[in-house]
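This report concerns only the one structure given below.
The values are calculated or read from the model by the stated rules, or taken from the named source; none is laboratory data. What you see is a predicted model, and the numbers here were worked out from it, not measured in a lab. Cβ sites come from the backbone with ideal geometry, for glycine too, and all protein chains shown count toward neighbours. Note: areas computed on protein heavy atoms with side chains; ligands, DNA, RNA excluded. Shrake-Rupley method; radii C 1.70, N 1.55, O 1.52, S 1.80 Å.
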Amino acid sequence: MTVLLLLLACILACLGTPESLAGDAEPQRCDWGADTVVADRPGMSALVLGGTGAVGSHIVQQLLASDQWSKVITVGRRQVALPTDQPGASKLQQVVVDMDALQGQAGASFSGVDAVFCALGTTRADAGSAEVFKKVDHEYVAAAAAAAAAARVPWFGLVSAQGANAAMPASDWKLLHPLLYTRTKGLAEAAVKGQGFARAAIFRPGMLDRGDKARAIEKWFAPLTGAIPVADVARAMVADAAAHKAGRVSGLAVFEMKDLKAAAAAAAGAAAAAPRQ
């Protein structure tokens with residue numbers, strides 16, 4: 001019975017339990033109106049880390065397609081592949097780096113950007129070990145946040161996970177990896193929060209609907225857990241960055257699953273209602 005309870009706890013942690021860190025800020029509520037989503041604010045620039053992933057690729061595509069953003073920089077160990085008909089593709093600048101030397105090789109790329117979107121993340125299976133997983137999901141995020149802070153970037157957005165908790169007891173034992181995942185995501189959040197950004201936005205999706213990129217466990221559980229499409233996570237992030245640029249939000253915000261869905265719906269509605277130019 002003890003083993004069964006332990007396995008159940010691990011599965012729930014992997015899916016994202018609704019546990020928040022004490023003292024987390026509530027997202028600042030704002031009306032992301034049409035002027036926020038498609039406002040005439042030329043010259044906005046963004047830097048994206050993790051642009052080859054499920055959420056990150058949608059962030060890149062949405063930024064490029066928006067008239068609000070005149071420059072989009074991707075930083076990573078390989079280039080981002082775009083759809084052949086991607087609007088705004090000419091705005092993209094790709095910087096390929098050794099992620100272990102991120103600040104040294106890409107520090108200059110952070111200079112002058114309005115927003116940094118961090119969608120870095122991997123799985124233990126892809127990483128090959130607990131140590132590499134922790135390096136990608138925590139150490140690389142911390143390095144990105146430090147580089148952004150050094151460049152005085154005002155807005156930093158992080159894709160985290162539901163239930164992220166830096167205080168979660170964990171070990172590198174593979175059977176208990178969901179607990180390590182929860183702790184590592186919490187440590188990444190703490191690294192971002194500690195940099196003092198004018199706006200630090202933490203996005204904690206639960207189960208993700210990755211479409212064609214869905215993992216096996218996600219295909220099994222997504223219909224039962226109210227999964228959020230990865231495009232909606234990206235949409236909520238892009239909307240918050242625009243809202244900060246417009247002076248509507250500031251400070252720390254932690255978006256739980258319900259907040260993410262509401263923000264994405266508001267942004268999509270505003271975009272649909274905006275006059276076409």
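What are the residue pairs meeting all of these: first residue in segment 128-146, first residue without any contact (Cβ under 8 Å) to a residue 12 or more places away in the chain, second residue surrounded by fewer than 22 Cβ atoms within 10 Å (Cβ to Cβ) and in a helix (DSSP H, G or I), Cβ atoms under 6 Å, and 6 or more apart or on different chains?
none
Just to be sure, is residue 120 outside any helix (DSSP H, G or I), open to solvent by 10 Å² or more (accessible area, probe 1.4 Å) and closer than 23 Å to residue 252 by Cα?
yes
Scan segment 203-225 residue by residue and report those that are part of a helix (DSSP H, G or I) and open to solvent by less than 50 Å² (accessible area, probe 1.4 Å).
Hits for segment 203-225 are 211, 218, 222.
Here is a yes/no grid of residues against (1) in a loop (DSSP other than H, G, I, E, B); (2) of a type in the set (A, V, I, L, M, F, W, C); (3) more than 12 Å from residue 49 (Cβ to Cβ):
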position: 132; (1), (2), (3): no, yes, yes
position: 143; (1), (2), (3): no, yes, no
position: 149; (1), (2), (3): no, yes, yes
position: 157; (1), (2), (3): no, no, no
position: 169; (1), (2), (3): yes, no, yes
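Scan segment 106-121 for residues that are closer than 15 Å to residue 160 by Cβ and polar (S, T, N, Q) and jot them down.
If the condition is that a residue be closer than 15 Å to residue 160 by Cβ and polar (S, T, N, Q), then no residue fits.
Only one of these conditions is not met by residue 259: (1) open to solvent by 50 Å² or more (accessible area, probe 1.4 Å); (2) within 28 Å of residue 113 (Cα to Cα); (3) part of a helix (DSSP H, G or I). Which number is it?
(1)
Listed residues 94, 86, 105; which is open to solvent by 30 Å² or more (accessible area, probe 1.4 Å) and closer than 27 Å to residue 231 by Cβ?
Details: 86 fails: open to solvent by 30 Å² or more (accessible area, probe 1.4 Å); 105 fails: closer than 27 Å to residue 231 by Cβ.
Of 94, 86, 105, the one residue that is open to solvent by 30 Å² or more (accessible area, probe 1.4 Å) and closer than 27 Å to residue 231 by Cβ is 94.
The rows are residues; the columns are (1) among the hydroxyl-bearing types (Ser, Thr, Tyr); (2) modelled with pLDDT of 95 or more; (3) touching a Leu at 6+ places or on another chain (Cβ under 7 Å).
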site: 221; (1), (2), (3): no, no, yes
site: 233; (1), (2), (3): no, yes, yes
site: 239; (1), (2), (3): no, yes, no
site: 247; (1), (2), (3): no, yes, no
site: 256; (1), (2), (3): no, yes, no
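How about segment 62-78: which of its residues are open to solvent by 50 Å² or more (accessible area, probe 1.4 Å) and farther than 20 Å from residue 111 by Cα?
Residues satisfying the conditions are 65, 67, 78.
Would you confirm, using the coordinates I've provided, whether residue 136 is among the β-branched types (Val, Ile, Thr) and open to solvent by 20 Å² or more (accessible area, probe 1.4 Å)? Don't jump to the end; show me each part of the working.
Details: among the β-branched types (Val, Ile, Thr): yes; open to solvent by 20 Å² or more (accessible area, probe 1.4 Å): yes.
So residue 136 passes the test.
Could you tell me whether residue 265 is at pLDDT below 95, open to solvent by 20 Å² or more (accessible area, probe 1.4 Å) and aliphatic (A, V, I, L, M)?
It is false that residue 265 is at pLDDT below 95, open to solvent by 20 Å² or more (accessible area, probe 1.4 Å) and aliphatic (A, V, I, L, M).
Give the residue that is farthest from residue 203 (Cα to Cα), with candidates limited to residues of segment 50-61 that are assigned to a loop (DSSP other than H, G, I, E, B) and open to solvent by 10 Å² or more (accessible area, probe 1.4 Å).
Ranking the qualifying residues of segment 50-61, first place goes to 52.
Restricting the first residue to segment 174-202 and requiring it to be assigned to a strand (DSSP E or B), which pairs with a second residue that is polar (S, T, N, Q) meet a Cβ separation below 7 Å and a spacing of at least six or different chains?
Between residues of segment 174-202 that are assigned to a strand (DSSP E or B) and residues that are polar (S, T, N, Q), the close pairs are 199/250; 202/160.
Just one of the numbered conditions (1) at pLDDT below 50; (2) farther than 24 Å from residue 190 by Cβ; (3) touching a Ser or Thr at 6+ places or on another chain (Cβ under 8 Å); (4) not polar (S, T, N, Q) is not true of residue 78; which one?
(1)
Tally up the residues in segment 141-185 that are at positive phi, open to solvent by 30 Å² or more (accessible area, probe 1.4 Å) and not basic (Lys, Arg), please.
In the first step, residues of segment 141-185 are kept if they are at positive phi; the result is 152, 163.
If we keep only those that are open to solvent by 30 Å² or more (accessible area, probe 1.4 Å) as well, we get 152.
Subset that is not basic (Lys, Arg): none.
Matching residues across segment 141-185 total 0.
I'd like the residue in segment 226-256 that is over 18 Å from residue 185 (Cα atoms) and among the acidic types (Asp, Glu) and, out of all such residues, is least open to solvent (accessible area, probe 1.4 Å).
Across segment 226-256, the extreme among qualifying residues is 240.
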